[in-house]
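Every read-out reported here was derived from the displayed coordinates using simple, explicitly stated rules and does not represent laboratory data. Note that the coordinates shown come from a computational prediction; the quantities given were computed from them, not determined experimentally. With ideal geometry, Cβ positions are generated from the backbone for all residues, glycine too; neighbour counts draw on all protein chains shown.
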Amino acid sequence: CLLRLRRRADAVQVLERPGAARGAGGSAAALGAQACDGLLRALRSAEEDLRRGREDSRSGRYAAAISHFDAALAGAELCLRDDWDLHARLLAGRALARQRSGLQEQAMSDVQAALRIAPDSLEALL
């Protein structure tokens, strides 16, 4: 899986291709197309929530940032199983917002989860 290899850009390119993983017609092909479309939507939505969460966190709007990270983590469960890097970045972002909000225990829990998913995550270590 390209996502597990940290090749998100390549994965998105494949998913965007007309006919990607769609096979040769029939209901199985339609299900494959729906799965590809769903995964692509989930990735884009998670990346947008990550961007918004980071922006809110930088601006001191920690509650809003936490909401964006929560939304991404809940709404992108399918893609986060394979995209460990994105999953760890979302957890690390939420950890920072939680820490700055005074939610130390929850922040530490997010950092630990991020490091379990991606032990070399620089964001989680910082």
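So for each of 51-61, 86-96, 36-46 I average, over its residues, the number of other beta carbons within 10 Å; can you give me the resulting order with the highest mean first?
86-96, 36-46, 51-61
I'd like to compare 63-69, 99-105: which one has the highest average count of other Cβ atoms within 10 Å, and what's the full order after that?
Top to bottom by mean Cβ count within 10 Å: 63-69, 99-105.
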